[in-house]
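Below: the structure, in structure tokens.
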Amino acid sequence: MGASSGPRLSGMQRQVLSLYRGFLRAARLKSAEDRHKIESLVSNEFRHNANNVDRKNFLYIEYLVRRGRKQLDQLKSPDTVGLSALNMGPSSSICSAG
């Protein structure tokens, strides 16, 4: 992996990109049907937040990253079969065990 010619990313941007990639990697470990659902939900949620969250609202972005990491840890669990919903609201739950 060499150096890219793209723009330099801030630490926060690298964290968000790492989290996104982590979700996609975790989705690969699930069934094909669940994988497509997970990838779609994750993509839609990240795109929604990219368009609707002020880039200077670092506290909220840090909150979303922390919440996303917890959700990713749940998704990585072998007991988790897929995502039921990916809602970044204060009382959401994205994973369903089964």
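Points to keep in mind about this one:
- For the range 1-74, the relative contact order is 37 percent, taking Cα pairs closer than 8 Å that sit 6 or more residues apart in sequence and dividing their mean separation by the residue count.
- Square roots of 5 times each gyration tensor eigenvalue, C-alpha, the range 7-46, largest first, Å: 23, 10, 6
None of the figures in this text is laboratory data; all of them are computed from the coordinates on show. Predicted model, so just to flag it, every value in this text is computed and none were measured.
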